[in-house]
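A.B. asks: Got a structure for you, written out below as C-alpha cells; questions coming shortly.
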Amino acid sequence: MDADLPGRIRDRFPIFERLVYVNSCSQGALSDAVRQSYHDYLRDWDERGAPWDYWVEKTEQARTSFAGLVNAEPGEVAVTASVSAGVSALLSGLRFDGGRDTIVVSDLEFPTVGQIAHAQELLGRRVVHVPATGASVPLEHFERALDERTALVCITAICYRNGSRPELEEVTRLAHERGALVLVDAYQAVGAVPVDVRAIGCDFLAAGALKYLLGSAGIAFLYCRRELVGEILPTATGWFADRDIFEMDIHDYSPASTARRFEAGTPPVPSIYAAVAGIELMKEIGIAETAHHVRGLNDLLIAGIDELGGRVVTPRDPARRGPLIAVAATDEHALVEALAREGIVTSSRDGNLRLSAHCYNTRQDVEVVLEALARHRRLLAG
Ligand SMILES: Cc1ncc(COP(=O)(O)O)c(C=O)c1O
C-alpha cells in the first residue's frame, strides 16, 4: 500500500468530501480533469460552431492515448461507442473457415460477449462454454474445450462478478497452439492494472473508459493485432469505418486499412473528451503504483472480512485477483442499501457484495467499510 498515493490525488475527486466511494468496478469517481473536459467540449462547440475536423482530431487523440496505455499502435485501435459495438463489428467480419466454426466463451464473461457469440449461431456457428470451478476457470478447462473447430476464444481479464483473474497469457498460448484467435475483455482491468497486448499475446482486446480509466459512458476501444486487420471485413460498419470518411461514396464498401474499420457512425464526441482526460489522468497517477496500492488495501480488506467470519469469493492469491473483491452476502441488495445509508457506495452481483478500491481510496476507507460490515454482519454469508 502507498499511503502517499491517495494523499496526492484525492482532492481531485470531490465525491470523497461526501461519500466513501468503493465502486470503481461500476464507474470511476468524477475527477476535476474529466469535469473540465466536458466544459472544454461545450466551449469548443460554442466557440467553433461545428468543429468536425477538430472532433476527428480529438478521436485520434483518444485512439493514441488508449494505444499507449495497452502498448498497441494507434492503427491497431478502433474507437467505438461501447465494447458491444466493437466486439459485434469484430465478430461480423471474422472468418470462420477451415472447419473452424466455434467460439469458446469462458463462463465468467460479461453478458454482452456471450450474447454476441450466441448471435453468431444464427449464421451457423457453434458456441462452447468453459465452466468455472468456484470463482475461476482453470486452464485445464480451456484445454478440454479447445479443439480443431475453435476459431476464437473469449476470455475476460478480470471477472466483473467475482474479481478473479484468469491465466491470460497461458490461455492465449494454448489457444494459439491449437490454431485459435483470442479476444480479451479487459474492461475491468484497464486503468487498474498494467495491460500490455504484446505481453498477453492476444489478437483482440476490448475495453471501455468508464471504470478504472475514470472516463465516461459512451466510449470504448477495440484493439486488433496489426497482422489481422486486413483479413477482417466487418459487415457491421458505417461511414467512419470507411477508407476515406469524407469521400461520401455510396457505391462501394471500402473499409479503412487500419483498425478504424471496426468503427461505425458519428463518434461519441463528448465521451471522447472525457476518455482522453481520464486516461491521461490515470497515466499521470500511475497504473502500476495504483495496482500495488490497491493490492495492499485489498489484503487489509480480506483480513478484516475473515475476522468478521465473512466469506471472500475472490481468489486469495494476489496474482489471481485485481481491484474487485466480492464478498458473499445473504441479501446483497439489502447490504448495498444498508451501506449506502451510511454513505458507502458499493454494488452487487450474483449474491455477492462488490468492493472495488482504486488509486484514491485510503486505508481509512477500508476501515470504515469493515466497521459498517461488522454492524451489518447478519447480511454477510458465513
Ligand atoms: C467486463 C465488462 N465487459 C463489458 C462491459 C460493458 O460493455 P459495453 O461497453 O458494451 O456496455 C462491462 C461493463 O460493466 C464489463 O464490466
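The values are calculated or read from the model by the stated rules, or taken from the named source; none is laboratory data. Since we're looking at a predicted model, the values are computed, not measured. Positions of Cβ are backbone-derived with ideal geometry, glycine not excepted, and every protein chain shown enters the neighbour counts.
A.B. asks: For the range 194-221, which residues satisfy the criterion of being under 14 Å from Y160 (Cα atoms) and either over 9 Å from the mean Cα position of the chain (by Cα) or assigned to a loop (DSSP other than H, G, I, E, B) (or both)?
C.D. replies: Scanning the range 194-221 gives L210, K211, Y212.
A.B. asks: If you go through the range 63-81 one residue at a time, how many are more than 16 Å from A199 (Cβ to Cβ), hydrophobic (A, V, I, L, M, F, W, C) and out of contact with any Phe, Trp or Tyr (no Cβ under 8 Å at 6 or more places or on another chain)? Show your work before the answer.
C.D. replies: Taking the range 63-81 as the starting set, the residues that turn out to be more than 16 Å from A199 (Cβ to Cβ) are 63-66, 74-75, 77-81.
Restricting the remaining residues to those that are hydrophobic (A, V, I, L, M, F, W, C) gives 66, 77-79, 81.
Subsequent filtering for residues that are out of contact with any Phe, Trp or Tyr (no Cβ under 8 Å at 6 or more places or on another chain) retains 81.
The number of residues fulfilling the criteria is 1.
A.B. asks: Please identify the pairs in which a residue from the range 84-95 that is within 13 Å of C224 (Cβ to Cβ) and within 12 Å of the ligand (Cβ to nearest atom) has its Cβ atom under 6 Å from the Cβ atom of a residue that is outside any helix (DSSP H, G or I) and hydroxyl-bearing (S, T, Y), counting only partners at least 6 apart or on another chain.
C.D. replies: Partner pairs satisfying both residue conditions: G86/T80.
A.B. asks: Quick one: in the range 237-258, which of the residues that are of a type in the set (V, I, T) and surrounded by 19 or more Cβ atoms within 10 Å (Cβ to Cβ) is farthest from the ligand (Cβ to nearest atom)?
C.D. replies: The selected residue is T258.
A.B. asks: In the range 200-236, what count of residues is obtained for those that are away from the ligand (no atom under 16 Å from the Cβ) and either without any contact (Cβ under 8 Å) to a residue 24 or more places away in the chain or among the hydrophobic types (A, V, I, L, M, F, W, C) (or both)?
C.D. replies: Residues that pass the stated criteria total 6.
A.B. asks: Determine if the range 45-59 includes at least one residue that is part of a strand (DSSP E or B), away from the ligand (no atom under 15 Å from the Cβ) and at pLDDT 95 or above.
C.D. replies: Looking through the range 45-59, none of the residues is part of a strand (DSSP E or B), away from the ligand (no atom under 15 Å from the Cβ) and at pLDDT 95 or above.
A.B. asks: Do we find that V79 is surrounded by 15 or more Cβ atoms within 10 Å (Cβ to Cβ), away from the ligand (no atom under 16 Å from the Cβ), in a strand (DSSP E or B) and under 23 Å from the mean Cα position of the chain (by Cα) in this structure?
C.D. replies: Judged against the criteria, V79 is not a match.
A.B. asks: Name the one entry in Q115, Q120 that is within 11 Å of the ligand (Cβ to nearest atom), among the polar types (S, T, N, Q) and modelled with pLDDT of 95 or more.
C.D. replies: Q115
A.B. asks: So is L42 surrounded by 20 or more Cβ atoms within 10 Å (Cβ to Cβ) and either away from the ligand (no atom under 16 Å from the Cβ) or hydroxyl-bearing (S, T, Y) (or both) or not?
C.D. replies: Values: surrounded by 20 or more Cβ atoms within 10 Å (Cβ to Cβ): no; either away from the ligand (no atom under 16 Å from the Cβ) or hydroxyl-bearing (S, T, Y) (or both): yes.
For L42, the condition - surrounded by 20 or more Cβ atoms within 10 Å (Cβ to Cβ) and either away from the ligand (no atom under 16 Å from the Cβ) or hydroxyl-bearing (S, T, Y) (or both) - is not met.
A.B. asks: Kindly list, by first and then second residue, each pair from a residue in the range 176-199 that is at pLDDT 95 or above and away from the ligand (no atom under 13 Å from the Cβ) to a residue that is assigned to a loop (DSSP other than H, G, I, E, B) and among the small types (G, A, S), limited to pairs with Cβ atoms under 6 Å and residues at least 6 apart or on different chains.
C.D. replies: So the pair list comes out as V193/G322; V197/A72.
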